[in-house]
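A.B. asks: Quick one: structure below, then a few questions.
The values are calculated or read from the model by the stated rules, or taken from the named source; none is laboratory data. Computed from a predicted model, the values in this text were never measured in an experiment. Counting neighbours? That spans all protein chains shown, and the Cβs are built from the backbone with ideal geometry, glycine included. SASA here: full protein model, heavy atoms, side chains in, ligands and nucleic acids out. Shrake-Rupley method; radii C 1.70, N 1.55, O 1.52, S 1.80 Å.
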Amino acid sequence: MVFALFFSFSLKISASEPTEHETEEQQAVVGHEEASAEKSKKGLDIAAIAFEHILDAHSWHLFGDGHDAVAIPLPVILKTDNGIVTFMSSEFHHDVHGTHVVEKNGLRFVNYEESIYLASETPNEHGQYLNIEKNDKGETTVLNPAPLDFSITKNVTQLFLSAIVLFLLFTSVAKAYKKQGVTSAPKGKQSFLEPLIVFVRDDLAKTNIGPNSEKFVPYLLTVFFLILINNIFGLIPFSANLTGNIAFTLVLSVGTFILTNINGNKHYWSHIFLPHAPKAIWPILIPIEVFGILTKPFALMIRLFANIAAGHIIIISLIGLIFIFESIYIAPVSVAFSLFIDILEVLVAFLQAYIFTMLTSLFIGAAVADPHDDGAHKNEDEHLAVKH
Amino acid sequence: MNSLFILASLIEPGIGLIFWTAVTFILLLVLLGKYAWKPILSAIKTREDGITKALASAESALNDMRELKSNNERILNEARNERDNLIKEARDAKDAIINEAKSKAQKDADRIIASAREQITNEKNAAVTELKNQVATLSIEIAEKILRSELSSDEKQKALVSNLMKDVNLN
C-alpha cells in the first residue's frame, strides 16, 4: 500500500508540466493546507496521470521529478532514413515535452509524451521543438515526422525479464523431472506449476480441441504463462503494464489468428464459404463469416488489453482521489478500495490468462473439429439435405 | 498534458513493442518448447502412464489374490472333505476289524468251550466208567468178604436166612 501511494506520487510528479508547478504539487502531498492555498492555480489531471501510468516509457522511472528524477535509462533504437540510430534514454534528461533535443547521426530528436519525433528547427512558444496543431475540440496533432521506434522501452524490458524468468523457471522444473525421475511426487516449484500445466493440457487443450490437442499444448502453455507472469508483474509497483498494452495483446492474438487459420480443415472453411443455409442469403452470410475470422482474435486482443488497463486505471484513480479531494482523510478510503481492487486484480491476472488461453484453444478446436466426430452436426447436415 | 493525445497512444499499438513482442514470443515458443514443455509434458505423461499401469497391475494382483484365495478355500474344503472321508473310512475299518475280531474271538471261545466241554464230558465219562469199574470191583470184593464171613458158620447162615425171611414177611 505504501508502495502504491509512493508509486502514484512519483507518477504524479513526472506528469506535471512546467517546473514552477512541481514544487506546489510536492507540497500538496506534504500538507494539504498549502495545497488548498494553491488550489485555484492548478487542478490535477488525474486522467492524464492514469493514462501515463499504463502507457509505455523510454526510461524506467522510479521516483523524483524533472531533472532530479531517478530513472533507469533504457536504450532508444530508431529506424530513420539515415539508418539505425541508438542512444540511451537518459540523453533526453527526463524530458517528455519535446523541449530537449538529442542530436545523433546528424538527426535531431525530441521526446513528446514518450513518442519520439524529429525536432523542428526552432522551438515554439512553449519551448517545444515541435509543430503541434490544436483543433477546435482540443485534440492535438504533432505534425513532425516520427522515425520508426524500436526502442527497448519499459514494456520491452519487462517482456525480456519475464521471458528470462519463464525460461529459467521452466527449464529448472524440467531439470527437476530429470533429476528426481518421473515416479516421485513433484516438489517446490514443480508442485505449484504442474497442476497449472496439467490444467492447460487437460481442461483447456484436450476439452476444447479434442483428440489432436497434443501439438497445440506447448503454444497454449507459452501463451498462458507469458500472460500470467506479466499480469502478475504488472501488479507490482514500479513495474510496467505490458499485458495492458495493445501492442502486446495484438501480437498474441495474431498468433492465435495464424494458428487457427493454418490449421483450419475442410470442414472449417466450408462452414465459412459454403454455409448450411439457403443460397439466397449466402451474400450476407459469407461476409459475416469471413468477418468473424477477424473479429474473434480482435476480441481476444481488446479483452486482455482492456481488462488489465482498466484495473490499473481504477487503482490509480482511487489513489488519485486523495489529490482530488486534497485531504489526507480520504487516504484510508482510497487505500482500502485500492487494496480491494488489487486483490481483485490478482484474480483477474489468472482469469484473463485463463480466458485468453481457453478462447485460443476453443478457436483452434473449431478449426480442427472433425465433422464425423460430431454426431449432432452430421444429423443437421442430413436434415438440411432432405429439406433441399 | 493532453489526455486525448495519450488516449490515442493507448489504443494505438506501437511498432517497437509489436516487433519485440513478436521476436520474444517466437523465441520463447521455440526455447520453452524444446527445453521446458517437451521434457515436462513427456515426464508428466510417463508418470501418468506409470500410475495407470500401476493401478491396472494392482487391480490384476487383487484379482489374482482373490482367485488364489478362492482356490485355497476350495483346496481347503477338498482337504477337509477328504479328511472327513478318511476318518470315516478309518472308523468303519476299525469297527469292522473290532467286529471281526470280536466274532472271531467269540467263535474261538465257543470252540474252546465246546471242546473243553466235550473233553470234560469225556473225562467225566471215563472217570464214571473207572468209578463204576472200581465200585464194581470193590463191590465184588466186599461181597466176597461178606459172603465169606456170613457163610463161615451154620448159625450165621441160618440167621441170615431168617432175617431175609423177615424182610420178606414185612413186605
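A.B. asks: For the stretch A:79-99, what are the residues that are touching a helix residue (DSSP H, G or I) at 6+ places or on another chain (Cβ under 9 Å) and open to solvent by less than 60 Å² (accessible area, probe 1.4 Å)?
C.D. replies: A:D95, A:V96
A.B. asks: Would you mind stating whether A:S115 is in contact with a helix residue (DSSP H, G or I) (Cβ under 8 Å, 6 or more places away or on another chain), assigned by TED's automatic domain parsing to the domain that holds A:S59, without any contact (Cβ under 8 Å) to a residue 40 or more places away in the chain and within 26 Å of A:P73 (Cα to Cα)?
C.D. replies: Answer is yes for this residue.
A.B. asks: Turning to a different aspect of this structure: Output the number of the condition that A:G181 fails; it satisfies all remaining conditions of (1) among the small types (G, A, S); (2) open to solvent by 10 Å² or more (accessible area, probe 1.4 Å); (3) modelled with pLDDT of 85 or more.
C.D. replies: Condition not satisfied by A:G181: (3).
A.B. asks: Could you please let me know if A:A299 is within 14 Å of another protein chain (Cβ to nearest Cβ), part of a helix (DSSP H, G or I) and open to solvent by 30 Å² or more (accessible area, probe 1.4 Å)?
C.D. replies: no
A.B. asks: Of all the residues that make up the stretch A:113-148, how many are in contact with a strand residue (DSSP E or B) (Cβ under 7 Å, 6 or more places away or on another chain), farther than 18 Å from A:H97 by Cβ and in a loop (DSSP other than H, G, I, E, B)?
C.D. replies: Residues that pass the stated criteria total 2.
A.B. asks: Find the strands (runs of 3 or more DSSP E) located wholly in the stretch A:44-112 whose residues include 1 or more that are within 26 Å of A:F248 (Cα to Cα), and list them.
C.D. replies: A:59-63, A:70-73, A:75-80, A:83-88, A:107-112
A.B. asks: Would you confirm, using the coordinates I've provided, whether B:L62 is more than 14 Å from every other protein chain (Cβ to nearest Cβ), under 32 Å from the mean Cα position of the chain (by Cα) and surrounded by 10 or more Cβ atoms within 10 Å (Cβ to Cβ)?
C.D. replies: In short, no.
A.B. asks: Could you pull out every one of the helices (runs of 4 or more DSSP H) wholly within the stretch A:217-275 that has 3 or more residues that are facing chain B (nearest Cβ under 8 Å), out of contact with any strand residue (DSSP E or B) (no Cβ under 7 Å at 6 or more places or on another chain) and not basic (K, R)?
C.D. replies: Per the criteria, A:217-235, A:246-262.
A.B. asks: Can we say A:L159 is touching a residue at least 12 places away in the same chain (Cβ under 8 Å), open to solvent by 50 Å² or more (accessible area, probe 1.4 Å) and at the interface with another protein chain (Cβ under 7 Å from one of its Cβ atoms)?
C.D. replies: In short, no.
A.B. asks: Look through A:S151, A:S162 and report the one residue that is under 30 Å from B:L27 (Cβ atoms) and not in a loop (DSSP other than H, G, I, E, B).
C.D. replies: When all the criteria are applied, what remains is A:S162.
A.B. asks: For A:S40, state whether it is at pLDDT below 75, in a loop (DSSP other than H, G, I, E, B) and over 29 Å from the mean Cα position of the chain (by Cα).
C.D. replies: Here the answer is yes, as A:S40 does meet what is asked.
A.B. asks: Mind telling me which of the residues B:E12, B:E100 ends up being more than 9 Å from every other protein chain (Cβ to nearest Cβ), among the charged types (D, E, K, R) and either in a helix (DSSP H, G or I) or open to solvent by 50 Å² or more (accessible area, probe 1.4 Å) (or both)?
C.D. replies: When all the criteria are applied, what remains is B:E100.
A.B. asks: Next question. Let me confirm something: among B:K38, B:K88, which residue is modelled with pLDDT of 90 or more, assigned to a helix (DSSP H, G or I) and more than 9 Å from chain A (Cβ to nearest Cβ)?
C.D. replies: Exactly one of B:K38, B:K88 is modelled with pLDDT of 90 or more, assigned to a helix (DSSP H, G or I) and more than 9 Å from chain A (Cβ to nearest Cβ), namely B:K88.
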